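Reviewing the structure listed below.
The values are calculated or read from the model by the stated rules, or taken from the named source; none is laboratory data. Note that the structure is predicted; figures quoted are calculated from it, not measured. Using ideal geometry, Cβ is built from the backbone for each residue, glycine included, and neighbour counts are taken over all protein chains shown. Remember, those area values only see protein heavy atoms, side chains included, never the ligands or the DNA or RNA. Shrake-Rupley method; radii C 1.70, N 1.55, O 1.52, S 1.80 Å.
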Amino acid sequence: MHSKLDSYPNGLPLAVQPRRAKHPQTCVRFIAPVDGDHGGSWIAVNEFGITFSLVNRYRCGQCSKGTKPRPPSRGLLLTSLADCRSLQEAQSRFDSLDLASYPPFTVAVLASGKPSLLLHWTGRDSLVECNGETAMPLVSSSFDPRGVEVYRKRLFRTLAAERGRVDLQLLMDFNASHAPIPSAYSPCMHRDNALTVSFSKVKVADGVIEFVYFPVPPCARKEPKVTPETLSQWKLVQMRMISRQTLEHNESFVEGTNNGERAERQQVSA
């Protein structure tokens, strides 16, 4: 689950609907909505079933502000990682990145049946959590970063305790919640100059990837005033996962090619 929490001053969303794309270097397919301002994204899922979700962080007073007036887009960094085939590859790629010019962020990397991987950049240090389950749900706010995080996590724990489990319905209800009133602190955020403008749900199961995108706040799906025309803007994008057999064949082919190249170089050098 992921909610987009930015908006134009007139309330129009920054994002366009999700679409299939190919990584420019590796041609790995992925699904992602696109940020209208910079061309990056805040959430993506690739054909290997690996999901990436970006949460903005806000700079602490002790961190360097950097020298560039316009830092690079964190959303472009996320799509650059969207071809990773595993959690291990995502961590390895993250460790090799030069992040000095980027504002702070956290990227959650998810794979079915495995603990979430959290990649943090504080603006000064890069940190990796190989088991990020206890950090969930991830929360971001420019209004009151710490206060909003504490409030929403407390609400999430309360809901989970009341229901005795964390399931899809709880996640949907949490993201749509205004408890106790619509505000900068509620998970479905509403304040004077911004609001939650979209909602994304990714499902990876039985070899099929589903990306559902709603271009309205999560709460709007429950309101009678929402018309069929409004809800008709939602979009479902599906993509089949690459099979393990195909993956192993591709890896074997690449390995065989590399061995052949090495043998050829040895013959030439001899």
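A few remarks follow.
- Residue-span extension gain [Arg146 to Val128] - 0.36 nm each, minus C-alpha spacing: 4.5 nm
- Mean Cβ neighbour count within 10 Å, used as a protection proxy, ranking 132-145, 182-195 highest first: 182-195, 132-145
- To the nearest 10, the accessible area of Trp234 is 110 Å² with a 1.4 Å probe.
- Debye equation applied to the C-alpha atoms of the stretch 39-196, log10 I(q)/I(0) at 0.10, 0.13, 0.14, 0.20 Å⁻¹: -0.40, -0.68, -0.79, -1.40
- Of the residues Thr106, Thr26, Thr79, ranked by 1.4 Å probe accessible area with the largest first, the sequence reads Thr26, Thr79, Thr106.
- Only protein heavy atoms count here; on that basis, with a 1.4 Å probe, Asp35 has an accessible area of about 30 Å².
- Here each label is just a point 7 Å from Cα along the line to Cβ, and for Leu171 and Arg154 those points are 2.5 nm apart.
- Extension gain from Asn193 to Cys27, taking 0.36 nm per residue of separation minus the Cα-Cα distance: 55.8 nm
- Volume of the convex hull of the stretch 152-221 (Cα atoms only), normalised per residue: 96 Å³.
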